[in-house]
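S.K.: Dropping a structure here in structure tokens format, bear with me for questions.
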Amino acid sequence: MITLKFILNGKEVSITTEPHIRLLDLLRDKFDLTGTKEGCGVGECGACTVLMNGRAVNSCLALAAQVEGYEIVTIEGISNGDVLSPLQKNFLLHGAVQCGFCTPGMVLSAAALLDQTPNPTEEEIKDAIAGNLCRCTGYKQIVDAIKETAKELQVK
Amino acid sequence: MNKEFSVVGKRVIREDGFDKITGRAKFADDYKFDGMLYAVMLRIPSAHAKINSIDFSEIENNEAISAIITSADVPGIKKTGLIKNDQPIFCDEKVVTPGDVLAMLVGNSENELRNLVKKAKVDYTELPLITDPAKALDQEAILIHPDNGSNLIVNHHVKKGDVEKGFEKSDHILEQTYTTPLIEHAYIEPEAVTAIPLGFNGVKIIGSIQNPFTARRIVAAVINLPLDKVQIIQAHLGGSFGGKDDTMCILSARAAVAALKANCPVKIRYTREESILESYKRHPYIMNYKVGFSNSGKIIAMKINIIADGGAYASMSPFVTWRSVVQATGPYEIENVHTEVRAVYTNNPYTGAMRGFGSPQPIFANESLMDEIAIHLGISPVEIRKVNALKNGSITATGQKLENHDVNLIQVLDKAIYAADFQNKWRANKKEKPLTKEFDFNNPVLQDYQYVEPDKLIQKGIGLAVSYRGCSLGAEGIDTASAYLSIQNDGTVYLLSGLAENGQGMRTTFAIIAAEALGILPEQIFYLETDTSRIPDSGPTVASRSTLMGGGAVRNAAEILSGRLKKIVKEEFKLSEEDVVSFRENLVFSRKKGLTAKFSEVCKLAYSLGINLATIGYYKSPSVHWDEKSGHGDAYFTYVYGCQVAEVSVNIGTGEVYVNKITAVHDPGTVINKLGAEGQVYGGVTQGAGYALFEGITTEKGLIRELNFDQYLIPTSKDIDVIKPVFVEGKDSYGAWGAKSLGEPTLELTAAAISNAVRNAVGKRFFNLPLNLEEIVLGKKLCPQEVKRGSLQ
Amino acid sequence: MRSTTIEILFPRNLSEALSIFSDAKENLKIIAGGTDVVTGIQQESKRFIDTEVLVDINRIPEIKGIEVRKKKISVGAAETFSDILRNNLIQNELPLLWKACSSIGSVQIRNRATIAGNFVNNAPCADTVPVLLVYNATVEIESLSSKREISLQEFLQGPYKTQLNVNEIVTRINIPIPSKTFVGDFYKLGRRRAVSISRITLAVLMDMRGGIIDEIRIASGAVTPIGARLTGLEKFAEGKEVNDRFFKTLASKMGEEIIKITGLRWSSEYKLPVVQQMFYQLLKSIEQRSL
Ligand SMILES: Cc1cc2nc3c(=O)[nH]c(=O)nc-3n(C[C@H](O)[C@H](O)[C@H](O)COP(=O)(O)OP(=O)(O)OC[C@H]3O[C@@H](n4cnc5c(N)ncnc54)[C@H](O)[C@@H]3O)c2cc1C
Ligand code: FES
Ligand code: FES
């Protein structure tokens, strides 16, 4: 057992855990942050995507102990209470959510993209979410939602 | 329908969107309960084996194990199934497919259980395997279910006219065989369910369950309790596509048996590997088509023989293959038809319902064949289809006269070819000879002529496919649906239907229908959690029937209540008998006096007058009939039509096929939610493209090779460029204002259109899906002999 | 699934790490991005079944960073693909490496996976290997008592086998900056357009003077048991005149060479003709661009 300290959704947290459990399990089981999903456990589907120091990573491929001192953001940290982020709002307006299982990971991949590339091309958007499988939407409305968000953020 | 709608047909945000976008929506594995245990499955690496003994002695006293569950613990029926009871809850005598579960360990550490389960000693004897469905009916074939008497699950046929005479009258005859692979639903959420024991009140089950009522029936029979002692709650479903039915019923039953024995909540959740291993899939088909036609392209006779691989259990095979037998000739009026479809048992993973439900396979065969006929006669793919297309009043292969709805086949075809500029592109890309090079494996070093000029490496092609599709269950079963609607005294509304949300946006569609009928906004409607204890059974959410059937029930409920409200309005505001009351934008209007009241005021009034503002609406389908013996009947009460055009680029060096564009024209009847409808098209086409190009489960000695998404490839965001949905809204008198179905038609056409486009690009016909790298370059599939994982391959 | 615990150590600098490795046994493994290690542990693959200690090397400054040292670009072993992709030096001076890194996995994978992690396993489909081979990359290896630098070619011994000892760590990969007269390209074939295991990879770097091949370096991956330079082919090509005919001959020679190295396997029927075809296409496109 080790005690970890890291920043989770903006708050400093401390937790005692087995060091070798996956970050995914740490978030879901110890912090009850069940917005982060498991679809494959091998890094292929992206349902488990979270932000680690601002970058999208697969939480099924990171061990809990590895986040010591890092900053982690999950889907629960994306909206401000009940106020949706522009990205979340556009996902809804564009019909980018169907079953919703891929959605948290998709939103985080998109958030990381817009943070680093505020005005992405369609190719860059598709590349940013290529590690997030969605079986429902065919991706089109997701790409549209991200495009629209980028446009709105440009205007501001 | 010339009616002006206020919310129907608009882009409406889904009612569960907020919870899903914030991560708050609870999916099955997100539920936790005090004292909850996990159950882990015991399997053996064999697809066909007789179990001699199972020895738990090394682990049975281990503290980590609270209970070991075997078939002996099942209090009720030990075998179940949607149609035939041929699937054991626990296989203690024989394993017939690699996903079969022998027993289950229950305890509070899932990880430890997964290690311990490896220490159970199973003594088994391998039995001969049947993996080729074409051999399942051979005389010498071993029987997979000996009580069935043969490996035949079902045999359907359709006969019209006399095919042999038809062939005699034909100027040309073509005969071809097509095959399609075993397909995984690949919902991104793997299966999960928790059963909670409730003492005298039975058991409560929360899970990723597609059809709560089916699950209730099966669980009740397995644990031997009356239906009212089994309460099923559907968690948010992370995709289903027809795939969370049988498997989830059985998992629910296993969890219930364990929960009752351990007297604790018990959760089962699958890894992706287990999900692919045990869940049922889409049927592989072997399809032989023989067609006779005249010089002008008129099809005179068509003879079809299909073998469907049902895998180890019957599941939905009888219904899936029934749709195939009805629709196998495609949307064409043909005088002489003989279609025979047989589903057989093999040791392969079992197959059942999947989006398309027996249509993607024959459409791939039939629409490939139509193009071949056109090429044979030197006419265009459009012409051959127009010559033979179903029209208003046509007689289908089953002898049904098409009436009571717009038979819009030619309309969707025309719209599609115009939108995609099909005719010009098709002619420009057309190849007379195959462009792909033949290789001789004995001389693998290339000769100069086998190198492709760089500017010829990428070849463009365009192709199309059309279909018609019977709506709802058809003569497969009794077709009714119900919906509960309750208006509160402030004008807000509770809604619940017996059909289940599968992620497709059904609840939103229903909220729109209720809102339209009551003149309020969809946001005012609160959709209740799907719970079998609160609403009558509405049959399964399959066959794209939810909008048509459930929508009909919601509209019925809304109209019952709006009728009651209108009566009060007339009395209270002293309106004349012949005046007409209507509800719009939360206001109440009289035709004569104009604005009369607010909707909420009328609701309040109704309450004060003691009027009941809660009701259950019903919708029952018009009758259909089917005579299995003659293979004749009015199979479905209405149909939808679609046409998709695919534009592709083929790399003739590597065999890569890239989808540049799919133009998808569909007539779903009235479109209720534009946003949802477009989403269905994008999603269905993308799944269809995966079916066309890379998806497929293969086995080696009966064991599955592709157990996770590193091997089972589904399309990513980068695999298809443009998808363009176009709707033609044909008139129909059924359902809610003629809203029919869309979910399945969007998927069923894509592979056929892509395959025709590839033919147009490279001048060579491919008969076997998927059109993967090896298929395009070599005209066959290649598979490794060993089953290995990931990068090791 | 793993239920016995694993200890994880976080050395803060190289010497701390080296002393941990100094008395290392087989039960100790390095973890960098973890994209191979974590699934290996989860699925109890043979390579990790005995692992009891993991050493996380992500916080060791000496094995990070990209800089020029003695006319070589020196890439820290624990640099992630995303960091490499963002680096201008790599983009300008080592475009083949840039292209190979951009083709790996997904954004999420590239944000974690490291360059050394890619070749230390010596899997046949490691995408950076053919590229690093044609760039004549060398590998710096350290243990508490020794430091050595060997060519990547030597480092890679056989499928899933390298020269690395249990008490050693790869610290840097050093790549000589090729002269501007070199032109080349990297080619990857997968079953999908994204997140796809390579079926075939090729890397070519050549220096043509007056239509004659002065020097050429060719490496393949996924068609040979390990990523490897095709030296026989290189020797055959040097001094030859560049023309369409010759490219075809060279491509067919590659077919022969691969049969010699790999023999015939289940996948050869497809891969053999395609690798020749695409090698030819690659040569043509390099020629086209250098005109
Ligand atoms: C979804 C997915 C997609 C992928 N796609 C691709 C792809 O397209 N192309 C491709 O080539 N690979 C791909 N990979 C494989 C993998 O990501 C890469 O090989 C990656 O570079 C490994 O790096 P890592 O830092 O994550 O390694 P780790 O998993 O941390 O380590 C891998 C191995 O290297 C050892 N190691 C790591 N660093 C050092 C060091 N400095 N010194 C000594 N030993 C060390 C470790 O002990 C371990 O044995 C993919 C993997 C996944 C999960
Ligand atoms: S669960 Fe992590 S990528 Fe699929
Ligand atoms: S919305 Fe269902 S997987 Fe993406």
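The values are calculated or read from the model by the stated rules, or taken from the named source; none is laboratory data. Everything numeric in this text was worked out from a predicted model, so none of it was measured. Please note: Cβ atoms are built from the backbone with ideal geometry, for glycine as well, and neighbour counts cover all protein chains shown. These area figures cover heavy atoms from the full protein model, side chains too; ligands, DNA and RNA do not enter into them. Shrake-Rupley method; radii C 1.70, N 1.55, O 1.52, S 1.80 Å.
S.K.: Go through (1) in contact with a Phe, Trp or Tyr (Cβ under 8 Å, 6 or more places away or on another chain); (2) farther than 30 Å from residue B:471 by Cα for residue B:570 and report which single condition fails.
M.R.: Just one mismatch for residue B:570, condition (1).
S.K.: Can you name the residue in the stretch A:93-114 that is open to solvent by 10 Å² or more (accessible area, probe 1.4 Å) and closer than 25 Å to residue B:10 by Cβ and is also nearest to ligand 2 (Cβ to nearest atom) among such residues?
M.R.: A:98
S.K.: What number of residues within the stretch A:55-87 are away from chain B (no Cβ under 14 Å), more than 16 Å from ligand 2 (Cβ to nearest atom) and either open to solvent by less than 30 Å² (accessible area, probe 1.4 Å) or β-branched (Val, Ile, Thr) (or both)?
M.R.: 1
S.K.: Just give me the residues in the stretch A:15-56 being of a type outside the set (D, E, K, R), more than 16 Å from ligand 3 (Cβ to nearest atom), part of a strand (DSSP E or B) and under 19 Å from residue B:189 (Cα atoms), in sequence order.
M.R.: A:50
S.K.: Here is a follow-up. Taking the residues in the stretch B:440-449 that are surrounded by fewer than 19 Cβ atoms within 10 Å (Cβ to Cβ) and facing chain C (nearest Cβ under 8 Å) as candidates, determine which candidate is nearest to residue C:256 (Cα to Cα). Don't jump to the end; show me each part of the working.
M.R.: If we filter the stretch B:440-449 for residues that are surrounded by fewer than 19 Cβ atoms within 10 Å (Cβ to Cβ), which is where we start, we get B:440-443, B:445, B:447-449.
If we keep only those that are facing chain C (nearest Cβ under 8 Å) as well, we get B:441, B:445, B:447-448.
Working: B:441: 13, B:445: 6, B:447: 12, B:448: 14 Å.
Checking each candidate, the answer is B:445.
S.K.: Name the one entry in C:139, C:183, C:204 that is open to solvent by 10 Å² or more (accessible area, probe 1.4 Å) and touching a strand residue (DSSP E or B) at 6+ places or on another chain (Cβ under 7 Å). Quick ask: steps written out before the conclusion?
M.R.: On the way: C:139 fails: open to solvent by 10 Å² or more (accessible area, probe 1.4 Å); C:204 fails: open to solvent by 10 Å² or more (accessible area, probe 1.4 Å).
One residue alone meets the criteria, C:183.
S.K.: Pull out all pairs, ordered by first then second residue, where Cβ-Cβ is under 6 Å, the residues are six or more apart or on different chains, the first lies in the stretch B:574-600 and is without any contact (Cβ under 8 Å) to a residue 60 or more places away in the chain, and the second is among the basic types (Lys, Arg).
M.R.: Final answer for the pair search is B:579/B:591; B:579/B:592; B:580/B:591; B:581/B:566.
S.K.: Just checking, how many residues over the stretch C:39-81 are crowded, with 17+ Cβ neighbours inside 10 Å, near ligand 1 (Cβ under 10 Å from one of its atoms) and among the basic types (Lys, Arg)?
M.R.: Summing the residues that are crowded, with 17+ Cβ neighbours inside 10 Å, near ligand 1 (Cβ under 10 Å from one of its atoms) and among the basic types (Lys, Arg) in the stretch C:39-81 gives 0.
S.K.: To continue, here is another question. If I ask for residues that are within 12 Å of another protein chain (Cβ to nearest Cβ) and open to solvent by less than 10 Å² (accessible area, probe 1.4 Å), which ones from the stretch B:493-519 would you list?
M.R.: The answer is B:503, B:505, B:506, B:508.
S.K.: Could you list all residues from the stretch C:151-180 that are open to solvent by less than 20 Å² (accessible area, probe 1.4 Å) and part of a loop (DSSP other than H, G, I, E, B)? Show your work before the answer.
M.R.: Within the stretch C:151-180, the subset open to solvent by less than 20 Å² (accessible area, probe 1.4 Å) is C:152, C:155-156, C:158, C:168-175.
Across the stretch C:151-180, the qualifying residue is only C:168.
S.K.: Go through (1) part of a strand (DSSP E or B); (2) farther than 30 Å from residue B:712 by Cα; (3) open to solvent by 10 Å² or more (accessible area, probe 1.4 Å) one by one and return the number of the condition residue B:154 breaks.
M.R.: That leaves (2) as the condition not met.
S.K.: Another question, if that's okay. Take the residues in the stretch B:127-160 that are hydrophobic (A, V, I, L, M, F, W, C) and more than 28 Å from the chain's Cα centre (by Cα); name whichever of them is nearest to residue B:91 (Cα to Cα). Spell out the reasoning first.
M.R.: Step one: list which residues in the stretch B:127-160 are hydrophobic (A, V, I, L, M, F, W, C), which gives B:127, B:129-130, B:134, B:136-137, B:141-144, B:152-154, B:158.
Adding the requirement that they be more than 28 Å from the chain's Cα centre (by Cα) leaves B:127, B:129, B:141-143.
Working: B:127: 15, B:129: 17, B:141: 22, B:142: 18, B:143: 16 Å.
Of everything passing the filter in the stretch B:127-160, B:127 is nearest to residue B:91 (Cα to Cα).
S.K.: Within the stretch B:235-244, can you find the residues that are open to solvent by 10 Å² or more (accessible area, probe 1.4 Å) and closer than 12 Å to residue B:192 by Cα? I'd like the intermediate steps shown before the answer.
M.R.: If we filter the stretch B:235-244 for residues that are open to solvent by 10 Å² or more (accessible area, probe 1.4 Å), which is where we start, we get B:236, B:241-242.
Across the stretch B:235-244, the qualifying residue is only B:236.
S.K.: I need a count of the residues in the stretch A:117-144 that are away from ligand 1 (no atom under 16 Å from the Cβ), in contact (Cβ under 8 Å) with a residue 40 or more places away in the chain and either open to solvent by 10 Å² or more (accessible area, probe 1.4 Å) or under 12 Å from the mean Cα position of the chain (by Cα) (or both).
M.R.: So the answer is 1.
S.K.: Go through (1) outside any helix (DSSP H, G or I); (2) touching a residue at least 12 places away in the same chain (Cβ under 8 Å) one by one and return the number of the condition residue B:138 breaks.
M.R.: Checking residue B:138 against (1) outside any helix (DSSP H, G or I); (2) touching a residue at least 12 places away in the same chain (Cβ under 8 Å), the one that fails is (2).
S.K.: If the Cβ limit is 6 Å and pairs must be 6+ apart or interchain, which residue in the stretch B:16-32 that is touching a residue at least 60 places away in the same chain (Cβ under 8 Å) and at the interface with another protein chain (Cβ under 7 Å from one of its Cβ atoms) pairs with which residue that is surrounded by fewer than 18 Cβ atoms within 10 Å (Cβ to Cβ) and in a helix (DSSP H, G or I)?
M.R.: Pairs found: B:25/B:19.
S.K.: Right, something else. Which count do you get for residues in the stretch B:274-307 that are more than 23 Å from residue B:342 (Cα to Cα), under 23 Å from the mean Cα position of the chain (by Cα) and open to solvent by 10 Å² or more (accessible area, probe 1.4 Å)?
M.R.: 3
S.K.: Tell me the residue from B:684, B:655, B:738, B:688 that is on the phi > 0 side of the Ramachandran plot and touching a Ser or Thr at 6+ places or on another chain (Cβ under 6 Å), please. Give the derivation first.
M.R.: Working: B:684 fails: on the phi > 0 side of the Ramachandran plot; B:655 fails: touching a Ser or Thr at 6+ places or on another chain (Cβ under 6 Å); B:688 fails: on the phi > 0 side of the Ramachandran plot.
Of B:684, B:655, B:738, B:688, the one residue that is on the phi > 0 side of the Ramachandran plot and touching a Ser or Thr at 6+ places or on another chain (Cβ under 6 Å) is B:738.
S.K.: For the stretch B:653-663, check the following and say yes or no: at least one residue is closer than 26 Å to residue B:410 by Cβ and either acidic (Asp, Glu) or open to solvent by 40 Å² or more (accessible area, probe 1.4 Å) (or both).
M.R.: The answer is yes, given that some residue of the stretch B:653-663 is closer than 26 Å to residue B:410 by Cβ and either acidic (Asp, Glu) or open to solvent by 40 Å² or more (accessible area, probe 1.4 Å) (or both).
S.K.: If you take the residues in the stretch B:477-492 that are closer than 24 Å to residue B:624 by Cβ and part of a strand (DSSP E or B), which one is farthest from the other protein chains (Cβ to nearest Cβ)?
M.R.: Here is the first cut: in the stretch B:477-492, the ones closer than 24 Å to residue B:624 by Cβ are B:477-483.
Then drop every residue that is not part of a strand (DSSP E or B), which leaves B:480-483.
Numbers: B:480: 26, B:481: 22, B:482: 24, B:483: 22 Å.
Per the stated criteria, the residue is B:480.
S.K.: Regarding residue C:88, is this residue more than 14 Å from every other protein chain (Cβ to nearest Cβ), within 30 Å of residue A:107 (Cα to Cα) and more than 16 Å from ligand 2 (Cβ to nearest atom)?
M.R.: Working: more than 14 Å from every other protein chain (Cβ to nearest Cβ): yes; within 30 Å of residue A:107 (Cα to Cα): yes; more than 16 Å from ligand 2 (Cβ to nearest atom): yes.
Spelling it out, residue C:88 is indeed more than 14 Å from every other protein chain (Cβ to nearest Cβ), within 30 Å of residue A:107 (Cα to Cα) and more than 16 Å from ligand 2 (Cβ to nearest atom).
S.K.: Would you mind stating whether residue C:244 is of a type in the set (D, E, K, R) and touching a residue at least 40 places away in the same chain (Cβ under 8 Å)? Let's see the steps before the verdict.
M.R.: Working: of a type in the set (D, E, K, R): yes; touching a residue at least 40 places away in the same chain (Cβ under 8 Å): yes.
Considered against the rule, which asks whether it is of a type in the set (D, E, K, R) and touching a residue at least 40 places away in the same chain (Cβ under 8 Å), residue C:244 comes out as yes.
S.K.: Taking the conditions exactly as written (within 14 Å of chain C (Cβ to nearest Cβ), of a type outside the set (Lys, Arg) and open to solvent by 20 Å² or more (accessible area, probe 1.4 Å)), does residue B:126 satisfy them or not? Even if it seems obvious, please write down each step before you answer.
M.R.: Working: within 14 Å of chain C (Cβ to nearest Cβ): no; of a type outside the set (Lys, Arg): yes; open to solvent by 20 Å² or more (accessible area, probe 1.4 Å): yes.
No, not satisfied.
S.K.: Of the conditions (1) touching a helix residue (DSSP H, G or I) at 6+ places or on another chain (Cβ under 9 Å); (2) surrounded by 15 or more Cβ atoms within 10 Å (Cβ to Cβ); (3) modelled with pLDDT under 90, residue B:549 satisfies every one except a single condition; which number is it?
M.R.: That leaves (1) as the condition not met.
S.K.: With the condition kept exactly as written, say whether any residue in the stretch C:97-107 is within 16 Å of ligand 2 (Cβ to nearest atom), touching a residue at least 12 places away in the same chain (Cβ under 8 Å) and outside any loop (DSSP other than H, G, I, E, B). Talk me through it step by step, then tell me what you get.
M.R.: Here is the first cut: in the stretch C:97-107, the ones within 16 Å of ligand 2 (Cβ to nearest atom) are C:104-107.
Adding the requirement that they be touching a residue at least 12 places away in the same chain (Cβ under 8 Å) leaves C:104-107.
Remaining after also requiring outside any loop (DSSP other than H, G, I, E, B): C:107.
Yes; the residues of the stretch C:97-107 include at least one that is within 16 Å of ligand 2 (Cβ to nearest atom), touching a residue at least 12 places away in the same chain (Cβ under 8 Å) and outside any loop (DSSP other than H, G, I, E, B).
S.K.: Looking only at residues in the stretch A:12-43 that are within 13 Å of ligand 2 (Cβ to nearest atom) and open to solvent by 30 Å² or more (accessible area, probe 1.4 Å), which one is nearest to residue B:23 (Cα to Cα)?
M.R.: The extreme case among them is A:38.
S.K.: While we're looking at this one, here's another question. Hey, residue B:329 hits all of (1) open to solvent by less than 10 Å² (accessible area, probe 1.4 Å); (2) over 20 Å from residue B:285 (Cα atoms); (3) among the β-branched types (Val, Ile, Thr) but one; which does it fall short on?
M.R.: (2)
S.K.: Evaluate the following for residue A:90: is it buried (at least 24 other Cβ atoms within 10 Å of the Cβ) and within 22 Å of residue B:508 (Cβ to Cβ)? Talk me through it step by step, then tell me what you get.
M.R.: On the way: buried (at least 24 other Cβ atoms within 10 Å of the Cβ): yes; within 22 Å of residue B:508 (Cβ to Cβ): yes.
So residue A:90 fits the description; yes.
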